[in-house]
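Peer 1: This is the structure, below, for whatever I ask next.
Every read-out reported here was derived from the displayed coordinates using simple, explicitly stated rules and does not represent laboratory data. This one's a predicted model, so the numbers in the text were calculated from it and none came from an experiment. Cβ placement follows ideal geometry from the backbone for every residue including glycine, while neighbour counts extend to all protein chains displayed.
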Amino acid sequence: MTHFTAVIGLQWGDEGKGKVVDHLAGRFDWVVRFQGGANAGHTVRIGDREHIFHLLPSGLLRKGKRGAIGAGVVLDPEVLLEEIAQVEALSEPLQGRLFIDYRTALVLPFHKFEDTWEESLKGGVGSTRRGIGPAYRDRYARIALRVGDLEHENWLAERLRESLDFNNEILAARYGKPPLDLKEIYLSLQRFAQAVRPYLADVPVLLQEAGRKGERVLLEGAQGTFLDIFYGTYPYVTSSHTVAGGAAIGAGIPPHQIREVIGVSKAYTTRVGRGPFPTELKDEMGQYLRKQGGEFGATTGRPRRCGWLDLPLLRYAALLNGATGIVITKLDVLSGLDRVKVAVAYELDGQRLEHPPAQTPLLYHVRPIYEEFLGWDPFPPPRRFEDLPQAAQTYLRFIEEALGVPVIGVSYGKEREELIWLQ
Ligand code: IMP
């Protein structure tokens, strides 16, 4: 019976999913990106080389692995071609290994301009400026171009005209910018059409065929649960469905086939961009975590906001995603501290809350209730869970119990090998 495994970020992205997926890719035949776009930055380190995946599924660096980009993704042509070249230089040719769904919507130049200019106006959400919000907006407004449209010249020209009419009005009225030229964009899309043609496919069909043949498929989430367009800290979110449910829609597979959902969380919390963050540390401890953890955005280089682990958020993430197991990353960053704190609940107007309030404005007013744990010293590479310092084991077991979901993996450094599986 066909079944799929999803890897999902349980926080605000940057949980270290790239490394977890790369690790798991050894056991899978396929890795599929199902949402987001080039806003993601999934870092994979092999020896002294580091590769940051933005659009392609991480896992493709491994020889013989296949990757797919599902219809739920928004595809930036420039980034795609650049990444194909980079991955091919480090690994093997991607033709016959990479498949892009015909229905994937394109990120066009005006989307990136609008995203950038919108951020410069007051009120931006602190986006990555990769055109993600405007591209999804056009997708839902039914004026997006999909990569399969590139195969049909007249259709493409008509669709581009419609999209550009709308977007040029925005450029003029909202940002006071001159209109973009249809011909120039059309010609560049025609060039892109040649380059992308070998990769186009009907991904849902391929995935079902793969399942029938007994091949194993991993669904790779980007960003994290609290950046989900519905369930995140709206409006300070991304524009796609980052939760496990999004994997079914975005990859084009029946929901009941997603049997395993691996949630990834750091041993503490970070967030980039604006929005509420109850356990944020604005003091020296926050700076310490940023420095120790190298907490600077993989896509934008922006410093990340840092704070203690937040169990009310994680509890909710486990509930939304139906997490069947959790991987805790960056445990080593907490090594060397005397005490480690964890928010076990919130207090709001004298009431104890186990889950974050659904209303964003209230999330600014919750007060985390902390429990303190003994810290641990830096430790040599463990082979098993029991090799970890006792205090670190206690910390991880506490998280597991609080969430009612087993910790199945622990990552304790940047290197590919620095991760142990508990099951
Ligand atoms: P957008 O996805 O570029 O529109 O950005 C919307 C929000 O999501 C901003 O707060 C970004 O910082 C955040 N975001 C987008 N992608 C990522 C990611 O891969 N990691 C962490 N935060 C992200």
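Peer 1: Provide the percentage of antiparallel DSSP beta bridges, counting only those with both residues in the chain; round to the nearest 5.
Peer 2: About 40 percent, rounded to the nearest 5.
Peer 1: Using the Karplus equation 6.51 cos²θ - 1.76 cosθ + 1.60 (θ = phi - 60°), what ³J(HN,Hα) coupling, rounded to whole Hz, does each residue of segment 405-411 give in order, writing x for Gly and Pro?
Peer 2: 10, x, 7, 10, x, 9, 9
Peer 1: Among residues other than V366 whose Cβ falls under 13 Å from its Cβ, what is the net charge (Lys/Arg +1, Asp/Glu -1)?
Peer 2: -3
Peer 1: Which trypsin sites (Lys or Arg not before Pro) from segment 323-423 combine a DSSP loop assignment with at most 11 other Cβ atoms within 10 Å?
Peer 2: R383, R384
Peer 1: Counting DSSP beta bridges with both partners in segment 1-79, what percentage is antiparallel, nearest 5?
Peer 2: Given both bridge residues lie in segment 1-79, the antiparallel proportion sits at roughly 50 percent.
Peer 1: Here's another thing I want to ask about it. Under 30 Å Cα-Cα from K65, which lysines qualify once same-chain neighbours fewer than 8 residues away are excluded?
Peer 2: Counting by Cα, and skipping residues close in sequence, K65 has these lysines nearby: K17, K19, K213, K266, K330, K414.
Peer 1: Sticking with this one: How long is segment 59-183 along each principal axis, judged by its Cα atoms, biggest number first, in Å?
Peer 2: Here the Cα extents, ordered largest to smallest, are 49, 36, 24 Å.
Peer 1: Taking 7 Å along the Cα-to-C-beta vector as the label spot, tell me the L180-S91 distance in nanometres, rounded to one decimal.
Peer 2: 2.9 nm
Peer 1: What shape does segment 298-341 take by its C-alpha gyration tensor, where a ≥ b ≥ c are the square roots of the eigenvalues and a/c under 1.5 counts as rounded, a/b above b/c as prolate, and the rest as oblate?
Peer 2: Oblate shape, in that a/c is at least 1.5 and b/c is the bigger or equal ratio.
Peer 1: To continue, here is another question. Based on a Kirkwood Rh over C-alpha pairs, give the Stokes-Einstein translational diffusion coefficient of segment 208-343 at 25 °C and viscosity 0.890 mPa s in µm²/s.
Peer 2: It diffuses with D of about 150 µm²/s by this estimate.
Peer 1: Now for a separate question. Amide H of L353: which non-local residues (sequence gap of 5 or more, or other chain) have their own amide H closer than 5 Å, using H built in the peptide plane?
Peer 2: When sequence neighbours closer than 5 places are left aside, the close amide H contacts are Y346, E347, L348.
Peer 1: At D165 and Y288, where each label point lies 7 Å from the Cα along Cα→Cβ, what is the point-to-point distance in nanometres?
Peer 2: Placing both labels 7 Å along Cα→Cβ, they lie 6.1 nm apart.
Peer 1: Based on the mean of other Cβ atoms within 10 Å per residue, sort peptides 55-68, 6-19 so the most packed one is first.
Peer 2: Ranked from most to least packed, the peptides come out as 6-19, 55-68.
Peer 1: What residues qualify as long-range amide H neighbours of I46, i.e. H under 5 Å apart, gap of 5 or more or another chain, H built at 1.01 Å from N?
Peer 2: H51
Peer 1: Another one. Once both labels are modelled 7 Å past Cα along the beta-carbon direction, what's the L81-E417 spacing in nm?
Peer 2: Between L81 and E417, the simple spin-label model gives 4.0 nm.
Peer 1: In the neighborhood of G286, defined by Cβ-to-Cβ distances under 13 Å, what is the net charge if each Lys or Arg adds +1 and each Asp or Glu adds -1?
Peer 2: That works out to +3.
Peer 1: May I pose another question? Segment 272-296 to segment 85-157: how many Å between their Cα centroids?
Peer 2: When both Cα centres are located, 30 Å separates them.
Peer 1: Hey, what do the phi angles of segment 78-84 turn into as Karplus ³J(HN,Hα) couplings, whole Hz, using 6.51/-1.76/1.60 and θ = phi - 60°, x for Gly and Pro?
Peer 2: 4, 5, 4, 5, 5, 5, 4
Peer 1: Can you give me the angle between helix 390-403 and the longest principal axis of the chain, using Cα atoms only, in degrees from 0 to 90, rounded to the nearest 10?
Peer 2: 60 degrees
Peer 1: Work the Kirkwood hydrodynamic radius out for the chain: mean of 1/r over every pair of different alpha-carbon atoms, inverted, in Å.
Peer 2: With all distinct Cα pairs of the chain included, I get 22.1 Å.
Peer 1: Report, in deg cm²/dmol and to the nearest 500, the calculated mean residue ellipticity at 222 nm for the chain, where each DSSP H run with n ≥ 4 adds -39500 (n - 2.57) and the sum is divided by the residue count.
Peer 2: -10000 deg cm²/dmol
Peer 1: Right, here's the next one. Among DSSP beta bridges lying fully in segment 304-423, give the percent that are antiparallel, nearest 5.
Peer 2: If we restrict to bridges inside segment 304-423, about 75 percent are antiparallel.
Peer 1: Would you list, by chain and number, the lysines whose Cα falls below 22 Å from the Cα of K177, excluding same-chain residues fewer than 8 positions away?
Peer 2: Partners within reach: K112, K122.
Peer 1: Can you tell me the relative contact order of segment 287-423? Whole percent, Cα pairs under 8 Å, sequence separation 6 or more.
Peer 2: Computed value for segment 287-423: 26 percent relative contact order.
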